[in-house]
Protein chains: 2
Amino acid sequence: MADTESTEAAADVRAAECEFLAAYDPRAFPPLAVTVDVVALTIRDGALQVLLVQRAEPPYQHHWALPGGFVRQLPGPKGTTIEEDLAEAAARELAEETGPRLRTAHLEQLQTYGTPGRDPRMRVVSVAYLAFAPEMPEAEPGSDAADAQWVPVASLGLTDARTDALTDTPGARQPGTSRTLAFDHARILADGLDRARSKLEYTPLATAFVTEPFTISELREVYETVWGERLHPGNFHRKVLSVPGLVDSTGDMTQSGGSRGGPRSKLYRPGDAKLLHPALLRPSREEAVR
Amino acid sequence: MADTESTEAAADVRAAECEFLAAYDPRAFPPLAVTVDVVALTIRDGALQVLLVQRAEPPYQHHWALPGGFVRQLPGPKGTTIEEDLAEAAARELAEETGPRLRTAHLEQLQTYGTPGRDPRMRVVSVAYLAFAPEMPEAEPGSDAADAQWVPVASLGLTDARTDALTDTPGARQPGTSRTLAFDHARILADGLDRARSKLEYTPLATAFVTEPFTISELREVYETVWGERLHPGNFHRKVLSVPGLVDSTGDMTQSGGSRGGPRSKLYRPGDAKLLHPALLRPSREEAVR
DNA sequence: CGAATAGTGTCTGTAAGACACTATTCC
DNA sequence: GGAATAGTGTCTTACAGACACTATTCG
């Protein structure tokens, strides 16, 4: 029964460890590495951008890849080791490429990728994380990367019609960035984009892409940019205000109107809702995908 | 950059070192293991049940735990090794406790748990999977378990009011099963239940819990059991038929009416929809959780 | 002034939930 | 016959989307 457990546990740990390790053929323990990769998304210049680093070493040398790395074992007091939580490792990898100025508004686990052969060197199980941040300054390549850059996702040629739809800007496609990502990172990025688009519908995630006092129009631009679809300004406005806890009014207004004219607008801050009801559903998700 | 970086060299060295030392001292391995755990759900006796195994070895000896184990490296031709994909490992662990008769209708990755200390022996990163199956015969304990059983989730005392709501059956709480689960498996199970409840809303997941020709009422019982809420039979009926691709009529009817009376009902099979539109939303999800 | 935008009003179609009702079958 | 159930009809309310309109501000 469970009652004996607490007294047994401590004493048994050492014995169990030996027993445990002896019971398995060492060859059954493949050299297996655990890494974290981060899909960091932001909105810059009106486009959805992802943080990429350029690999300095083979394999996939010179290719762009998601920031990430091995889960570390940090040195602790008295020769012990302090082990990193997975989310901490993800936050660290992100900070290494962006500097301390990035205010990550949201960090969540995406999925884990462990198909044999996804890394040609060895078996690597990679836990992917998804991060969102408001508009950021340039990225700063960390020690292990040749370069780090925010790259418009539309320029990566993922087979996604919607992302390209709104990006007619000639300069959006940066030369040199439309190459295949390293490893299976294109897949991971695609999964991250799916997740982000989906979470805009039923969580206040969009507020993680804007800075504190924001207008309804700025929020709408987030939705339009991530979804790659134009939304009706009037209906969107009414809808956002009708969802309890999505935004709170600050009482203030912008100092001036928009650069292309129009009246000044009211300012808002994120509300306390964790789930949106009613949800803000995408207009053109192909209904009932068969 | 995951899977790479200037620590790449260090990683290779470490990997080679491990391989070499493995033959001599298993304890020289990097103290990091990858396991898969499976949250297998089914509906038995009108209750949502989860597959649990009783641990034969410490730690948590005699405690119940989710089926799972280490990701293996299988022997392949000519001394090579065939490495298991994560989903394959999950399917294998599940089959070991249920025998070949389980028809797993659905297997998807849930989340990965890697907090240091979650396993007292060593650093273990566990990739959890979520499986659904129609009503199944008794479980068969595999080699590394003392026992394996389908256990009503309501009997596990998870802090979830809804699961207990419909389970007034006196016999539902089996003596001996209302104990704490090993490791952080209670948390993993709770996450799995959340996911399952949520996916019933916008995917045809419910059809994975019933066998091929089913009635609308059987489908409704799935929703009621998983959500722990009574649904209006009439409205549910109309709603299910109104969602394109959820169910297809077989043209047949049941041979007899229900055991407590009522007319015979039409039979259906799963449709080809992958996403439900409009969705079948839970009535009493606390709206806009703050 | 003309163009663009913030914000509101109104109408229509769809869908959810409440309630009622009929027909069928078991006990 | 009485109770339970399958399936349908109808009404009310909520909400999404379309369209129109006013007021405000930029250039």
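None of the figures in this text is laboratory data; all of them are computed from the coordinates on show. For clarity, every value in this text was computed on a predicted model and none was experimentally measured. Neighbour counts run over all protein chains shown; Cβ positions are idealised from the backbone, glycine included.
Observations
- Listed residue pairs exceeding 30 Å between alpha carbons, taken from A:K239/B:K274; A:K274/B:K274; A:K239/B:K199; A:K266/B:K274; A:K199/A:K266; A:K199/B:K274: A:K266/B:K274
- Amide proton proximity set for A:V247, modelled H, under 5 Å, gap of 5+: A:G271
- Neighbours of A:A91 by Cβ distance under 11 Å: Lys/Arg scored +1, Asp/Glu scored -1, total -4.
- FRET efficiency for B:S143 and B:Q255, using Cβ-Cβ distance with R0 set to 60 Å, rounded to 0.05: 0.90
- A cut-off of 5 Å between modelled amide H atoms, ignoring neighbours fewer than 5 places along the same chain, links A:L181 with A:A186.
- Among A:D85, B:D119, the ranking by other beta carbons within 10 Å of each residue's beta carbon, starting with the fewest, stands as A:D85, B:D119.
- Förster radius 51 Å - calculated FRET efficiency between B:T180 and A:D45, Cβ distance, rounded to 0.05: 0.45
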